[in-house]
Structures are given as structure tokens and as C-alpha cells.
Amino acid sequence: AVAELCRVLRPGGVLLFAENLEGTWLHKVLRKRFTAWEGYWRYLRWPQDRDLFNGFRSCDFRMFGLLANLGRNEAQRTLLSRADDLWTPVLPKRWCYVLAGVCRKDGSA
């Protein structure tokens with residue numbers, strides 16, 4: 001799917017995305033218990049899936065999020081996302097559950 005996104009972009013085009021990562025063992029357990037799509041959704045594994053983006057000239061990635069998706073209402077999610085903002089810089093990247101990226105396609109035709 002990522003190769004197709006690269007293919008259909010114009011030369012010099014930019015792909016902006018945010019995608020769920022596998023996250024921690026806790027994320028995996030909670031998804032298995034509480035999400036209907038767990039059985040057929042494939043979460044990205046990082047850095048193992050880095051090569052999916054090899055068709056782009058350059059990519060910048062950012063990983064974040066640990067607790068915000070665990071909130072049961074918007075107020076809890078907001079509070080937990082603020083905590084995530086503080087913790088993300090010091091957490092092991094493998095604990096994060098969101099990958100955001102900016103990938104640029106080569107400018108030549």
C-alpha cells in the first residue's frame with residue numbers, strides 16, 4: 001500500500017501520515033480485548049517496517065503516544081495526552097503507539 005502511495009504521488013510530492021504502531025505488550029492485550037478489528041489489522045512494527053518507505057527520496061518520522069488512547073472519555077484522553085507530551089522524549093521509542101511521517105518523492109520524472 002505504501003508503494004502505491006509513492007507511485008501515485010507527483011514527482012516532488014509529499015506524503016503526510018499518522019499510523020498506529022504495535023506499541024507495548026499492554027497495547028496488544030487491550031486491542032485484543034477491546035477492538036473488533038484486532039484479528040485483521042496489521043499494526044506497523046518499527047524499525048522492522050522502515051523499508052516500506054524505501055521508494056521515497058527522504059522521510060522524517062516521529063513516534064509518540066503511550067497512554068492517551070487508554071482514556072475512557074475525552075477529558076481523560078486530553079489529560080493523558082498531556083502526560084504523553086512530557087514522557088515521549090524520554091520513553092523508549094518501542095513503547096510508542098503512533099508513527100507520524102513526512103515522506104518526499106523524488107522530484108525527477
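The values are calculated or read from the model by the stated rules, or taken from the named source; none is laboratory data. Values in this document were obtained by computation on a predicted structure and should not be read as measured data. Here the Cβ is made from the backbone with ideal geometry for all residues, glycine too, and neighbour counts use every protein chain on show.
What do you reckon, is T35 modelled with pLDDT under 95, surrounded by 14 or more Cβ atoms within 10 Å (Cβ to Cβ) and not basic (K, R)? Criteria not met by T35. A search for C-beta distances below 9 Å between a residue of segment 1-21 that is among the aromatic types (F, W, Y) and any residue that is in a helix (DSSP H, G or I), counting only pairs 6+ apart in sequence or on different chains, returns F17/V2; F17/L5.
Can you confirm whether L5 is in contact with a strand residue (DSSP E or B) (Cβ under 7 Å, 6 or more places away or on another chain), surrounded by 14 or more Cβ atoms within 10 Å (Cβ to Cβ) and part of a helix (DSSP H, G or I)? Judged against the criteria, L5 is a match.
Exactly one residue out of G12, G23, G101, G107 is in contact with a Pro (Cβ under 8 Å, 6 or more places away or on another chain) and either in a helix (DSSP H, G or I) or small (G, A, S) (or both): that is G107. Pairs meeting the criteria (first residue in segment 49-75 and in contact (Cβ under 8 Å) with a residue 12 or more places away in the chain and surrounded by 11 or more Cβ atoms within 10 Å (Cβ to Cβ), second residue among the aliphatic types (A, V, I, L, M) and in a loop (DSSP other than H, G, I, E, B), beta carbons under 8 Å, at least 6 apart or on different chains) are L66/L91.
The residues of segment 49-94 that are assigned to a loop (DSSP other than H, G, I, E, B) and at pLDDT 95 or above, listed by number, are D49, N54, G55, F56, R57.
Selection of segment 25-40 for residues being closer than 20 Å to R94 by Cβ and of a type in the set (K, R) yields K28, R31, K32.
Could you grab me the full set of residues in segment 76-109 that are touching a residue at least 24 places away in the same chain (Cβ under 8 Å) and aliphatic (A, V, I, L, M)? Full working, then the answer.
Here is the first cut: in segment 76-109, the residues touching a residue at least 24 places away in the same chain (Cβ under 8 Å) are 88, 91, 93-109.
Listed by number, the residues that qualify are L91, V98, L99, A100, V102, A109.
Taking the numbered list (1) out of contact with any strand residue (DSSP E or B) (no Cβ under 6 Å at 6 or more places or on another chain); (2) closer than 29 Å to R72 by Cβ; (3) exposed (fewer than 12 other Cβ atoms within 10 Å of the Cβ) in turn, A18 passes all entries but (1).
Would you mind finding the one in G107, G101 that is of a type in the set (G, A, S), within 22 Å of G12 (Cα to Cα) and modelled with pLDDT of 95 or more? If you could, list the steps in order and put the result at the bottom.
On the way: G107 fails: modelled with pLDDT of 95 or more.
None of the others qualify; the one that does is G101.
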